[in-house]
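Notes for the one structure printed next.
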Amino acid sequence: MPGGAALIAIDRIFLHERTGAAALNSLAAAGRAVRDPARIFCVMDHIVDTRPGRDDRTLMPGGQAFITETRAAAKAAGLTLFDVTDPDQGIVHVVSPELGIVLPGATLIAPDSHTCTQGALGALAWGIGSSEAEHAMATGTLRVAHPGTMRVTFAGALVPGVTPKDMILTLIARHGAGGGKGHAIEFAGEAVTALDMEARMTLCNMATEFAAMIGMIAPDETVFAWLKGRRYAPNGAQWDAAVTHWRALAGDPGAAFDAEITIDAATIEPMISWGTSPEHSIGISGAVPADAPERPCAYMGLERGQPLAGLPIDAAFIGSCTNSRLSDLRRAAALLERRRVAHGIKALCVPGSSAVKRAAEAEGLDRIFVEAGFEWRESGCSMCFYAGGESFAPGSRVISSTNRNFEGRQGPGIRTHIASPEMVAASAIAGCIADPRELMR
């Protein structure tokens with residue numbers, strides 16, 4: 001039951017350059033040491049430049065200091081650092097799973113709200129603030145309020161052309177951006193267990209947009225097969241023992257939850273946001289609701305009852321911790337191959353990690369993106385959010401595979417429509433918001 005709190009052990013802590021130096025320097029100034037440096041990892045991802053040939057310089061005013069100070073503080077504390085030019089650099093929620101740092105049953109925290117992404121592997125992973133990071137680094141523990149429990153079941157099977165991004169946007173649109181507040185959510189049902197590992201990460205990534213503390217999926221054979229052989233995963237006899245333990249982590253068949261939501265997966269269609277919250281989302285065949293609030297309509301330049309299909313766009317962005325993994329890029333590239341981005345559209349693709357970038361290039365995906373008219377970038381958070389650095393032209397209408405669309409999220413006056421990578425690719429080709437299933441046919 002929710003209420004009260006517990007002091008729990010923290011297995012893994014991730015830092016990034018936007019807040020990492022502040023937490024580490026504050027800890028040092030207080031005369032406290034990092035309790036166990038081997039459990040803490042630091043990555044350059046949030047404000048690094050993603051243009052080819054990058055170095056410590058950034059387009060964000062003062063951004064270089066964030067990078068150099070975090071590097072110095074991480075090295076002084078003896079932490080594992082994935083630096084700007086490190087072959088393992090990338091977005092924290094992409095790097096951690098691909099290296100096997102996050103494991104089923106582990107507790108993992110980071111000063112980033114999308115840490116819940118890693119619940120896809122059966123971990124308890126959530127975002128924290130810098131002061132909580134300091135406490136956890138110094139003590140190896142964190143005081144956590146007991147959340148309520150919620151099970152969200154996607155029953156049945158998805159129809160072709162529908163993605164996990166559409167699943168989570170459907171949940172938020174139907175039940176509100178605050179629908180999961182105060183809860184730890186378990187995603188379940190046939191449509192969830194049928195997802196591959198990277199698709200599960202997309203689903204869990206946006207649990208925070210539902211106001212949930214944690215979004216997770218019970219670990220199963222899909223998780224175990226995906227983790228085996230990764231650098232930080234157990235191996236040999238330890239692997240066998242770990243899998244035996246992990247198999248026991250799934251909940252009891254008759255487990256009771258404080259709240260239950262069930263969605264028929266067959267009713268989901270490709271989703272697109274129309275307003276300034278993920279809850280302002282509709283199926284591609286729909287229109288802005290007749291009772292839509294005035295402010296988001298005004299900001300987005302839309303009218304009540306207006307369809308989104310066919311709405312002209314200025315730019316398209318594929319990236320972020322939600323949809324920048326290899327499988328995301330493969331699906332987008334499949335639609336872009338032998339096609340061209342519409343005239344006047346600025347289009348970017350930013351892989352989620354340097355490893356994803358290398359794998360995509362080995363498959364020739366980079367050539368497909370470039371030949372279609374996309375810029376091909378180095379890995380990082382890039383234009384998922386605006387931190388005073390790179391942005392689109394003021395007032396641009398952007399279709400984006402990111403997770404947030406509040407006012408100014410991608411830059412001053414930018415109007416962001418969040419969608420799957422497939423819809424971003426299809427819309428870039430059409431020059432307007434478009435149903436990707438038309439190209440799939």
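The values are calculated or read from the model by the stated rules, or taken from the named source; none is laboratory data. Here the structure is a predicted model, which is why all the values come from computation and not from measurement. Positions of Cβ are backbone-derived with ideal geometry, glycine not excepted, and every protein chain shown enters the neighbour counts. When the accessible area is computed, the model is the full protein with side chains, heavy atoms only, and any ligands, DNA or RNA have been set aside. Shrake-Rupley method; radii C 1.70, N 1.55, O 1.52, S 1.80 Å.
Look through ALA207, ALA225 and report the one residue that is outside any loop (DSSP other than H, G, I, E, B), more than 21 Å from the chain's Cα centre (by Cα) and on the phi < 0 side of the Ramachandran plot. Give the derivation first.
Values: ALA207 fails: more than 21 Å from the chain's Cα centre (by Cα).
Among ALA207, ALA225, only ALA225 is outside any loop (DSSP other than H, G, I, E, B), more than 21 Å from the chain's Cα centre (by Cα) and on the phi < 0 side of the Ramachandran plot.
Given the options GLU269, GLU294, name the one that is under 23 Å from the mean Cα position of the chain (by Cα) and either in contact (Cβ under 8 Å) with a residue 40 or more places away in the chain or open to solvent by 20 Å² or more (accessible area, probe 1.4 Å) (or both). Reasoning before the result, please.
Numbers: GLU294 fails: under 23 Å from the mean Cα position of the chain (by Cα).
None of the other options fit; the residue is GLU269.
Residue under question is ILE185, and the condition is that it be under 23 Å from ARG409 (Cα atoms), among the β-branched types (Val, Ile, Thr) and in contact (Cβ under 8 Å) with a residue 24 or more places away in the chain; does it hold? Talk me through it step by step, then tell me what you get.
Working: under 23 Å from ARG409 (Cα atoms): no; among the β-branched types (Val, Ile, Thr): yes; in contact (Cβ under 8 Å) with a residue 24 or more places away in the chain: yes.
Spelling it out, it is not the case that ILE185 is under 23 Å from ARG409 (Cα atoms), among the β-branched types (Val, Ile, Thr) and in contact (Cβ under 8 Å) with a residue 24 or more places away in the chain.
Consider only pairs whose beta carbons are under 7 Å apart and that are at least six residues apart or on different chains; among these, list those whose first residue lies in the stretch 276-290 and is over 16 Å from PRO436 (Cβ atoms) and touching a residue at least 12 places away in the same chain (Cβ under 8 Å) and whose second residue is surrounded by fewer than 21 Cβ atoms within 10 Å (Cβ to Cβ) and among the aromatic types (Phe, Trp, Tyr).
Listed by first residue and then by second, the contacts come to THR276/TYR299; THR276/PHE406; SER277/PHE406.
Which of the helices (runs of 4 or more DSSP H) found entirely inside the stretch 283-382 contain at least 3 residues meeting this: within 27 Å of PRO160 (Cβ to Cβ)?
Details: elements: 294-300, 326-336, 354-362, 365-372.
In the stretch 283-382, 326-336, 354-362, 365-372 are the helices (runs of 4 or more DSSP H) which contain 3 or more residues that are within 27 Å of PRO160 (Cβ to Cβ).
Within the stretch 295-314, does at least one residue satisfy the condition of being under 26 Å from ALA207 (Cα atoms), at pLDDT 95 or above and among the polar types (S, T, N, Q)?
Taking the stretch 295-314 and keeping what is under 26 Å from ALA207 (Cα atoms), we get 295-297, 299-300, 308.
Pick out the ones that are also at pLDDT 95 or above and you get 295-297, 299-300, 308.
Then keep just the ones that are among the polar types (S, T, N, Q); that gives none.
For the stretch 295-314, residues under 26 Å from ALA207 (Cα atoms), at pLDDT 95 or above and among the polar types (S, T, N, Q): absent.
What about SER277, is it part of a loop (DSSP other than H, G, I, E, B) and touching a strand residue (DSSP E or B) at 6+ places or on another chain (Cβ under 8 Å)?
Numbers: part of a loop (DSSP other than H, G, I, E, B): yes; touching a strand residue (DSSP E or B) at 6+ places or on another chain (Cβ under 8 Å): no.
No.
Kindly indicate whether any position in the stretch 373-393 is charged (D, E, K, R) and over 26 Å from VAL84 (Cβ atoms). If you could, list the steps in order and put the result at the bottom.
Here is the first cut: in the stretch 373-393, the ones charged (D, E, K, R) are 375, 377-378, 390.
Pick out the ones that are also over 26 Å from VAL84 (Cβ atoms) and you get none.
No, there is no match, as no residue in the stretch 373-393 is charged (D, E, K, R) and over 26 Å from VAL84 (Cβ atoms).
Restricting attention to the stretch 249-280, report how many residues are under 20 Å from GLY178 (Cα atoms) and among the acidic types (Asp, Glu).
Here is the first cut: in the stretch 249-280, the residues under 20 Å from GLY178 (Cα atoms) are 257-263, 271-280.
Next, only the ones that are among the acidic types (Asp, Glu) stay: 258, 260, 279.
The total comes to 3.
Could you please find all residues in the stretch 85-100 being crowded, with 23+ Cβ neighbours inside 10 Å and among the hydrophobic types (A, V, I, L, M, F, W, C)?
Matches in the stretch 85-100: ILE91, VAL92, VAL94, VAL95.
Would you mind telling me which numbered condition in (1) buried (at least 17 other Cβ atoms within 10 Å of the Cβ); (2) farther than 30 Å from GLY176 by Cα; (3) under 22 Å from the mean Cα position of the chain (by Cα) VAL243 fails?
Against the list (1) buried (at least 17 other Cβ atoms within 10 Å of the Cβ); (2) farther than 30 Å from GLY176 by Cα; (3) under 22 Å from the mean Cα position of the chain (by Cα), VAL243 comes up short only on (3).
Kindly check whether there is at least one residue in the stretch 1-17 that is farther than 27 Å from PRO147 by Cα, touching a residue at least 60 places away in the same chain (Cβ under 8 Å) and open to solvent by 20 Å² or more (accessible area, probe 1.4 Å).
Taking the stretch 1-17 first, the residues farther than 27 Å from PRO147 by Cα are 17.
Retained after the next criterion (residues that are touching a residue at least 60 places away in the same chain (Cβ under 8 Å)): none.
No, every residue in the stretch 1-17 fails to be farther than 27 Å from PRO147 by Cα, touching a residue at least 60 places away in the same chain (Cβ under 8 Å) and open to solvent by 20 Å² or more (accessible area, probe 1.4 Å).
Please indicate, with yes or no, whether at least one residue in the stretch 130-151 is open to solvent by less than 10 Å² (accessible area, probe 1.4 Å), assigned to a helix (DSSP H, G or I), touching a helix residue (DSSP H, G or I) at 6+ places or on another chain (Cβ under 6 Å) and farther than 28 Å from LEU24 by Cα.
No, the stretch 130-151 contains no residue that is open to solvent by less than 10 Å² (accessible area, probe 1.4 Å), assigned to a helix (DSSP H, G or I), touching a helix residue (DSSP H, G or I) at 6+ places or on another chain (Cβ under 6 Å) and farther than 28 Å from LEU24 by Cα.
Here are some conditions: (1) free of Cβ contacts under 8 Å to residues at least 60 places away in the same chain; (2) crowded, with 24+ Cβ neighbours inside 10 Å; (3) under 21 Å from ILE318 (Cβ atoms). LEU195 meets all but one. Which one does it not meet?
(2)
Given the conditions (1) under 26 Å from GLY105 (Cβ atoms); (2) more than 26 Å from the chain's Cα centre (by Cα); (3) not hydroxyl-bearing (Ser, Thr, Tyr), report the number of the one that ILE40 does not fulfil.
(2)
Would you check if ILE414 is open to solvent by less than 10 Å² (accessible area, probe 1.4 Å), under 23 Å from GLU279 (Cβ atoms) and more than 17 Å from the chain's Cα centre (by Cα)?
On the way: open to solvent by less than 10 Å² (accessible area, probe 1.4 Å): yes; under 23 Å from GLU279 (Cβ atoms): yes; more than 17 Å from the chain's Cα centre (by Cα): yes.
Yes; evaluated as a whole, the condition is true for this residue.
Residues in the stretch 7-20: is at least one within 23 Å of VAL94 (Cα to Cα) and assigned to a helix (DSSP H, G or I)?
yes
If we scan the stretch 23-39, do we find a residue that is in contact (Cβ under 8 Å) with a residue 12 or more places away in the chain, buried (at least 22 other Cβ atoms within 10 Å of the Cβ) and within 19 Å of SER320 (Cα to Cα)?
no
Does at least one position in the stretch 322-335 carry a residue that is in contact with a Gly (Cβ under 7 Å, 6 or more places away or on another chain) and under 30 Å from GLN89 (Cα atoms)?
First, pick out the residues of the stretch 322-335 that are in contact with a Gly (Cβ under 7 Å, 6 or more places away or on another chain): 324-325.
Restricting the remaining residues to those that are under 30 Å from GLN89 (Cα atoms) gives 324-325.
Looking for residues that are in contact with a Gly (Cβ under 7 Å, 6 or more places away or on another chain) and under 30 Å from GLN89 (Cα atoms), one finds at least one in the stretch 322-335, hence yes.
May I ask you to list the residues in the stretch 19-50 that are charged (D, E, K, R) and within 30 Å of GLY148 (Cβ to Cβ)?
Within the stretch 19-50, just ARG39 meets the criteria.
Condition first: surrounded by fewer than 21 Cβ atoms within 10 Å (Cβ to Cβ) and not in a helix (DSSP H, G or I). Now tell me which residues in the stretch 57-80 satisfy that.
Hits for the stretch 57-80 are ARG57, LEU59, MET60, PRO61, GLY62, GLY78, THR80.
Check the stretch 79-93 and report whether any residue there is in contact with a His (Cβ under 8 Å, 6 or more places away or on another chain), on the phi < 0 side of the Ramachandran plot and in contact (Cβ under 8 Å) with a residue 24 or more places away in the chain. Walk me through it before giving the result.
Of all residues in the stretch 79-93, those in contact with a His (Cβ under 8 Å, 6 or more places away or on another chain) come to 92-93.
Checking which are on the phi < 0 side of the Ramachandran plot leaves us with 92-93.
Now narrow it down to the ones that are in contact (Cβ under 8 Å) with a residue 24 or more places away in the chain: 92-93.
Yes, the stretch 79-93 contains at least one residue that is in contact with a His (Cβ under 8 Å, 6 or more places away or on another chain), on the phi < 0 side of the Ramachandran plot and in contact (Cβ under 8 Å) with a residue 24 or more places away in the chain.
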